[in-house]
Every structure is written in C-alpha cells, then in structure tokens.
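Below is one structure, written out as structure tokens; comments come after it.
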Amino acid sequence: MALRPRLAESGAKGEVIMRRKRLGVVTDGAFNAGLTVRLDPGVSTEDLRIGDFVVVEGEQNRYFSMISDIQLKVTDATFLADPPRDAPPFIAQAIAGTNTYATVQVKPMLMLEKTDEWAIPDQPTGVQTVRTIPMHFAELCQADPLDFATVFGKEGGLNFAVGVPLTMDIPICIKLDRWVERSNGIFGQTGTGKSMLARLILSGIIKTGAAVNLVFDMHNEYAFDKQTEDGGWVKGLRQLFGSKVLVYSLDEKMAARRNVDVTLKIGLNQIEAEDVMLLAEELDLRPTTAATAGLLSDVYKEDWLRELLKMSPEEVLAFCQASGAHPEATSALQRKLMAIKRRGYIVERAPFSLIDEMVAALDAGKHIILQFGRYSHALDYMLVANVVTRRIRRLYQEKVERYEETKDPGDAPRPLMITIEEAHKFLNPTAAKQTIFGQIARELRKYRVTLMVIDQRPSGIDPEVMSQLGTRVSGKLTEERDIEAVLTGVADRSTLRGALASLDTRQQVLLMGHAVPMPIVVRTRPFDEEFYRAMGLRERRSAVEDIAELFGEDAKG
Ligand SMILES: Nc1ncnc2c1ncn2[C@@H]1O[C@H](COP(=O)(O)OP(=O)(O)OP(=O)(O)O)[C@@H](O)[C@H]1O
Ligand SMILES: [Mg+2]
C-alpha cells in the first residue's frame, strides 16, 4: 500500500519534512458532539473514510481526531429542487466549493500541547485527553507518520504492530503489557480474521514475554500449520516458537500423529457440580440438577460423580431416602451424565498433578496450547476448559497470596493470559455467574490471570463481563445487538459505531481501549513469511533445534 501523495519539502538540515495535507477548516462544533469541518474544494469525500485518523491544528494544541461522518451540502436550495441531472462533470466541478460543498464530522480524541511539537515519538509525550476544542477555522489535516508515532508509539519492545491504518503504511502498535493487564476481547463475524489476529498477538506476547499463555484451542488451529481460506498455509505457534510452546491434547490419536507433549486425561473426581451446571444446555439437564448434585457432593465429596455414575437403581433409591434427594431427578441426572463418562479422555480418577504440571510449566515461562483433537463438541470444550482453569486459577490465587506475604519478587507469578474461543459459551449471562471464567473477568487482574475472549456474537456475552474488558478489537459486525454489545461502556459510541459499520469483511478491525491511546481502524498485519522474518522467527524442524535452544548452540554439535 502506497502513501498517499503529499507535499514534501527540504527541512533546515536537508532532511525531507512531510507537510501535512490540508483537508479543510473547522466551521462549527461542540465539545460533546465534535467538530464540523468544511472540506477544501479540491478534497474529495471519496478520499476520506469514516474512522480515519486526522489532525486538527488549533492555536495552542494539536487535536488527534477521528472522522465520524461525511456530509454533502448545497448553498443554493434550487440545486436540491432541480439538480443538474445530465450535466457533464465539469459543471459539477465548476460549482464545487461555491454552490456545493462537503463537510466532515470530526471527533477529537487526544490532544498535544504545541510546545511538545517535536516530541520524540518513543519518549513519553504530552499527549493527553481532550479538555477543550479549537477555535473557528482551525485546519483539519491528514495525519502524517510523526502524528501516528506520537500517538501510537514506535514499533519495538512491548509496542507490537498489529496492522496499518487503512490509508497509509505505518505500523499501528498496541502496548502488550497493557493488553495482558486486563481481560480483552476480539470480536467480529465469521471469517473476519479473529483467530489470525489472536495468532499475531499471541506471537507478540510469546516473543516479548509480556505474559505466559494458556490457549484453549477448540478447533486445533494454533499449534501447527493451518490452511487459510485463500488456500495458503500459515505456521502454528509451536512450529514458530519450538519448545517455548507446549502442546497438550485430549486426543491420543492426534498426539500420536503430531508433535504433542502431553495427552491430558480428566478424572471424574476433578469434575465439580459447577462444571456440570455449565453443561445444562448441552445435556438437557433439569433445574433440579444443582440441588441433586449438591446433596451428592455433601455425601461423597469429590467422588460424587463417580459414585453417582456407578449406582444401581436400588442404590439410587437408598441414597435418596437417606439424603432427601428426589429419586426421579437423581436417576435422570445419572442417565444424562453418563455422556460425560463415555468421553475418551475421561478416566475414573486422575491426579491433579497433570494440571499442576501445567502451572509449573507456565511458571517456567512456557506457553501451553490445549488441543481438543476429535473431541470438538461444545461439551468437551466447556467441561475441560472449566476444570483446568479452575485449578489453575486456584493455584494462582495461592501464589499471589504467598507473594503478598513474602513480598519477594521471586514469588511473584508471571501474568497469565487465557485464550478462549467461542467465549459466549462460558460468559453468557447465566454461565458468567457460575463459571470460573466469569469470575476471572470480573475480578480484573487481582490474581494476575486475564482472559482473551474471542467470539462472533458479543451480544451473547454478559454485559457486565463486556464492560470489564480492557481492550476490545472488533472486525465487521452486522447485527445491531452485537455492535451495541461491543461498544458497551465505551466513550464516543456514535463515532465508533460509524467506524465499525464501515469495516471490510476481512482483516480490518477497530481497536479500542486500554492497550491503545485512542480508538483506530487498522488493516490487520498479514500472518505470513514476512511476519515470521520481522519477528525473527523461523520454523523449527527438529527436536535437536529445540535442545540447542535450551542449552545453547554447543548442544547442536
Ligand atoms: N492477519 C491475517 N493474515 C493472513 N490472512 C488472514 C488474516 N486475517 C484474516 N485472514 C484470512 O481470512 C481467513 C479467516 O480468518 P480467521 O480464520 O482468523 O477468521 P475468524 O474470524 O477466526 O473466523 P471464525 O469466526 O469462523 O473462526 C483466513 O483463513 C485468512 O485467509
Ligand atoms: Mg476463528
């Protein structure tokens, strides 16, 4: 993508200074509603897009702003009643600027005092929230690379480039430390590039060590290569990062075929009533389930499910008589929960040590991708993710509490980000109140565990959880309720709504929230060979290379 043509001139030291292209002047405005700018005659509305990042030059401040609307106007009402229908184009040109003109609505998002004009982009700048508006006839200009760098920072370190603005070729960065600091979300309808973007961001986080990751990979797409919709192939995180990324699988057949580190088994003893409640819809459970499961747990503790599933009809009756449970409800529950026992990865008893080893690996700075293999049913996904996450979150809580006691930096657990696709399954208004995921989203970063939720239907997610998401990224959404949901609790909703509605169906997203200084629309960076190179990554083909990486180059020889 080429830079738009713009004026260039020689600066004092002979370096080329790009002069911003002027688009128009401010003619009207209000602090809350934003500014109206009359476009200069030579500027075509077709060169501007909703969501474009532009700059308004006030006298004392520079305002970094977003275009929220574009309007066509006429000065003479006769043109409305009798437009020059079949007039040749030069007529339209001749009256442009005198009888017809265009305006844009511009919403200032950040401002910079002009004394900081030549602030160096990677130094902390005086960019601040907008507290005032410019006067009449302030100039609206196209943003230049320095403006982008001033606001979004230069690429490098924890500043990770996720894409470029729609009209230029300048990297737009998110701050990875801020990204992992709070839970965040990636939304957009199917095929918009959510999983690709997640891959990009995960690569950035792994590369910089901003956090350790646990990815619940329901569709087996993150670890190894995957064919894209265009027919090409993209590499998986395991291939790119080698032994830094451990692959767990529920599916022993897949484990045999691919480079899987651990086959995970889940024991009936690890399943709690909460997990079963989450499956209410999948297993068509009755409302009495919670009460029945509660009575069983009272008696059998962690073995409640194992005991229930092996009870004979007589034993069910005896249990009900002793505990006051309803016999029909209990045998119905038993029948329905048999579906869990039949899953291939379920065993009678499994030690928690397998999950605890995951935490030890995370502690050592490894990242974990849990693949579901052929167990790709919603039931498997929800059950396993919940069981694993609950245990991990519990261990993290202990760690944080220990750290608060000792205050020894060595005890501080690494921030952990848990990625879940199809997040509404765990975070819909009912589930969010019960599941560990709802709890993590609500308690913010208290225990250093945050979520990256990925979903096609943000309207399915509990509004309380949505409002807790620090950074939100959204690709195209068409349903009104989804758009509403993504913008829950966001300032400047009307501006952003326009930006969201005008996105392409693929690889374009609106970034907003904690990890970016102001909302911006970007074309997502391609996940391709060039990306691997830019990140200093290459595919590792053999275990020898992994070992070499662990022990230094000598081990190769
Ligand atoms: N950053 C990117 N780099 C390369 N290709 C991309 C990128 N983003 C999107 N694509 C293309 O778009 C296709 C769909 O992307 P992706 O699988 O990420 O969509 P999705 O939003 O996760 O969809 P679903 O909701 O169905 O899972 C990819 O197969 C690829 O061809
Ligand atoms: Mg996807």
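Taking the Cα centre of the chain as origin and charging only Cβ (+1 Lys, Arg; -1 Asp, Glu), how large is the dipole, in debye to the nearest 20? Before the final figure, lay out the partial values.
Details: 70 positive and 77 negative charges, 89 e Å.
Dipole size: approximately 420 debye.
In the chain, if the dipole is taken from +1 on Lys/Arg beta carbons and -1 on Asp/Glu beta carbons about the Cα centre, which of 60, 334, 100 is farthest to the positive end? Result: 334, furthest along the dipole toward the positive end.
Taking amide hydrogens as placed 1.01 Å from N in the peptide plane, the amide H of residue 215 sits under 5 Å from those of 368, 369, 370, 419, each at least 5 positions away in sequence or on another chain. As a rough guide to protection, the peptides 163-173, 256-266, 102-112 ranked by mean Cβ packing within 10 Å, highest first, stand as 102-112, 163-173, 256-266.
Mind ranking 523-531, 367-375 by how tightly packed they are, going by the mean number of other C-beta atoms within 10 angstrom, highest first?
Numbers: 523-531: 17.2, 367-375: 22.9.
Highest to lowest by the protection proxy: 367-375, 523-531.
Where the alpha-carbon atoms of the stretch 355-443 are placed on the principal axes, they occupy 42, 28, 15 Å, in descending order.
In units of 2.2 N^0.38 Å, what is the alpha-carbon radius of gyration of the stretch 283-413?
That ratio works out to 1.33.
Evaluated at q = 0.07 Å⁻¹, a Debye calculation over the C-alpha positions of the chain (equal weights, vacuum) places log10 I(q)/I(0) at -0.51. Look at the Cα gyration tensor of the stretch 151-205: its axes a ≥ b ≥ c give a/c of at least 1.5 with a/b at or below b/c, and that counts as oblate. With θ taken as phi - 60° and the Karplus curve 6.51 cos²θ - 1.76 cosθ + 1.60 applied, the whole-hertz 3J(HN,Hα) list for the stretch 152-159 is 9, x, 8, 5, x, x, 7, 8 Hz, x standing for glycine and proline.
Quick one: which of 194/341; 114/154; 154/207; 114/446 span more than 27 angstrom between C-alpha atoms? Pairs exceeding 27 Å: 194/341; 114/446. Remark: the residue 132-residue 85 segment gains 12.6 nm on full extension, using 0.36 nm per residue and subtracting the alpha carbon distance. Of the residues 26, 305, 50, the one whose Cα sits farthest toward the positive end of the charge dipole of the chain, with +1 on the Cβ of Lys and Arg and -1 on the Cβ of Asp and Glu, is 305. Students often get this wrong: which residues of the stretch 235-273 have the backbone nitrogen under 16 Å from the point 7 angstrom along Cα-to-C-beta of residue 349? Within reach of a label on residue 349, which here means backbone N under 16 Å from a point 7 Å along Cα→Cβ, the stretch 235-273 contributes 266-271. Taking the charge dipole of the chain about its Cα centre, with +1 at Lys and Arg Cβ atoms and -1 at Asp and Glu Cβ atoms, the residue from 271, 474, 78 reaching farthest to the positive side is 271. The overall shape of the stretch 399-549, judged from the alpha-carbon gyration tensor, is oblate: a/c is not under 1.5, and a/b is no greater than b/c. Estimated at 0.36 nm per residue, the fully extended path between residue 401 and residue 491 surpasses their Cα-Cα distance by 28.9 nm.
May I ask you to compute the full-extension gain from residue 309 to residue 19, defined as 0.36 nm times their residue separation minus their alpha-carbon distance, rounded to one decimal in nm? Numbers along the way, then the final one.
Working: separation 290, 0.36 × 290 = 104.40 nm, distance 7.45 nm.
Between residue 309 and residue 19, full extension yields 96.9 nm more.
Label zone (residue 301, point 7 Å along Cα-to-C-beta; backbone nitrogen cut-off 16 Å) within the stretch 330-374: 349-352. Label-to-label distance, residue 76 versus residue 189, with points set 7 angstrom from Cα along the beta-carbon direction: 4.3 nm.
Label-to-label distance for residue 479 and residue 94 is 5.3 nm, based on points extended 7 Å past Cα in the beta-carbon direction. The stretch 241-298 and the stretch 385-460 have Cα centres lying 17 Å from one another. Kirkwood radius and radius of gyration were both taken over the C-alpha atoms of the stretch 12-114, and their ratio Rg/Rh is 1.06.
Taking R0 as 22 Å, what FRET efficiency do you get between residue 408 and residue 357 from their Cβ-Cβ distance, rounded to the nearest 0.05? Rounded to the nearest 0.05, the efficiency is 0.40. Remark: the stretch 216-233, residue by residue, has Karplus-estimated 3J(HN,Hα) of 8, 9, 4, 9, 6, 10, 9, 7, 10, 5, 9, 7, 8, 5, 7, x, x, 10 Hz, where x stands for each Gly or Pro and the curve is 6.51 cos²θ - 1.76 cosθ + 1.60 at θ = phi - 60°.
Each value in this text was obtained by applying a stated rule to the coordinates, not by laboratory testing. Everything quoted here is computed from the prediction, not taken from an experiment. No Cβ is skipped: glycine too gets one built from the backbone with ideal geometry, and neighbour counts run over all protein chains shown.
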